[in-house]
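The values are calculated or read from the model by the stated rules, or taken from the named source; none is laboratory data. All values reported here derive from a predicted model rather than from experimental measurement. Note that we place each Cβ from the backbone using ideal geometry, even for glycine, and neighbour counts take in every protein chain shown. These area figures cover heavy atoms from the full protein model, side chains too; ligands, DNA and RNA do not enter into them. Shrake-Rupley method; radii C 1.70, N 1.55, O 1.52, S 1.80 Å.
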Amino acid sequence: MAKIVSLAEAVGDNVRDGDTVAMEGFTHLIPYAAGHEVIRQGRKNLYLVRMTPDILYDQLIGVGAARGMKFSWGGNPGVGSLHRFRDAVENQWPRPLEIEEHSHAAMANAYEAGAANLPFATLRGYIGADLPKVNPNIKSVTCPFTGEVLAAVPAIRPDVTIIHAQRADRKGNVLIEGIVGVQKEAVLAAKRSIVTVEEIVDELNPPSPNSLVLPSWAITSVAHVAGGAFPSYAHGYYPRSNAFYIGWDEIARDRDSFTAWIKENVLDAKPEDFAKHAGNKPAKAA
């Protein structure tokens, strides 16, 4: 059953050097506060997994926390490149980064296979694509019933999955509303999981029609971190900070400006600092 703990305790108990770590959340509910705590605690040699790595993974890569990344799209959404990601791939700074690129469909199916405790996923994909030429983990299998040749990819089974959600009740059940990505599958596929939430409430009701509940038995740790998805948004709580994403492009272009930003806003900061972003008000770039 999930334990309700501080974010520092959740990361300290569940994220270990060398782990395969998935931090999921599509467009909104990206677990920035949790990612910053991973950086503060100095975790190293992580293998990062995420369907759409953006600014959060740019930060983790830039501080040297990652040895590799499995993903299906990488960039600063609506702006351009991830400069710390590019620096690691092109110049091996601050360390070399192993990359494994897939399609969105392959990643989603691989999480589903992991959640079902299957060794691999099959899909109708990669037809006419070049990724199989550079990714040895994209293979093919022949259906024993129809003879159809299908793509196959290894299941994703993280050591720990980290997500952000709107609410948890006092038993550790978690409600996600709005755009639901692969958070459910990523949590069910993982050995351990951390969920940060905007609120802890007595009852999760009433959920919206587009929502899901992760039961307490599927979660390891829950931490209350209001504003913990900023600069992404939390549906029903606060908007996306477009200004931050635009501002990040300049911050991340230069190693020194990036390092200074990390010191001020991550290393010298704390989870409670995210609370200033909670609530329905315009968000400003940091």
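Quick rundown of the values:
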item	result
Residues being β-branched (Val, Ile, Thr) and within 21 Å of THR161 (Cβ to Cβ) - total across region 111-145	0
Odd one out for ILE179, checked against (1) open to solvent by 60 Å² or more (accessible area, probe 1.4 Å); (2) modelled with pLDDT of 95 or more; (3) under 23 Å from the mean Cα position of the chain (by Cα)	(2)
Residue match in region 76-95 (condition: part of a helix (DSSP H, G or I), surrounded by 23 or more Cβ atoms within 10 Å (Cβ to Cβ) and touching a residue at least 40 places away in the same chain (Cβ under 8 Å))	yes
Region 31-46, subset open to solvent by less than 10 Å² (accessible area, probe 1.4 Å) and in contact with a strand residue (DSSP E or B) (Cβ under 7 Å, 6 or more places away or on another chain), residue nearest to VAL11 (Cα to Cα)	ALA34
Cβ pairs under 8 Å, 6+ apart, first in region 136-157 and touching a residue at least 60 places away in the same chain (Cβ under 8 Å) and at negative phi, second of a type outside the set (Val, Ile, Thr) and part of a strand (DSSP E or B)	ILE156/ALA22; ILE156/LYS70
Count of residues meeting criterion [charged (D, E, K, R) and either surrounded by fewer than 21 Cβ atoms within 10 Å (Cβ to Cβ) or not in a strand (DSSP E or B) (or both)] in region 61-72	1
Residue in region 223-234 that is of a type in the set (Val, Ile, Thr), assigned to a loop (DSSP other than H, G, I, E, B) and surrounded by 16 or more Cβ atoms within 10 Å (Cβ to Cβ) present	yes
Answer residue from region 1-30, given it is open to solvent by less than 30 Å² (accessible area, probe 1.4 Å) and of a type in the set (Asp, Glu) and is nearest to PHE71 (Cα to Cα) among those	GLU24
Residues within region 192-214 that are under 21 Å from the mean Cα position of the chain (by Cα) and surrounded by 14 or more Cβ atoms within 10 Å (Cβ to Cβ), tallied	11
Filter result for ARG67 (basic (Lys, Arg) and within 23 Å of TYR233 (Cβ to Cβ))	no
Lone unmet requirement of (1) of a type outside the set (Asp, Glu); (2) on the phi < 0 side of the Ramachandran plot; (3) surrounded by 21 or more Cβ atoms within 10 Å (Cβ to Cβ); (4) assigned to a loop (DSSP other than H, G, I, E, B) for ALA269	(3)
Filter pass, ALA189 being within 28 Å of ILE61 (Cβ to Cβ) and touching a helix residue (DSSP H, G or I) at 6+ places or on another chain (Cβ under 9 Å)	yes
In region 96-105, the residues that are touching a helix residue (DSSP H, G or I) at 6+ places or on another chain (Cβ under 9 Å), under 19 Å from ALA22 (Cβ atoms) and open to solvent by 30 Å² or more (accessible area, probe 1.4 Å)	ILE99, GLU101, SER103
Region 219-237, subset farther than 21 Å from TRP248 by Cβ and of a type in the set (Gly, Ala, Ser), residue farthest from the chain's Cα centre (by Cα)	GLY236
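Listed here are the residues, each with its yes/no results for (1) outside any helix (DSSP H, G or I); (2) open to solvent by 10 Å² or more (accessible area, probe 1.4 Å).
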site	(1), (2)
LEU48	yes, no
LEU56	no, no
GLN59	no, no
GLY74	yes, yes
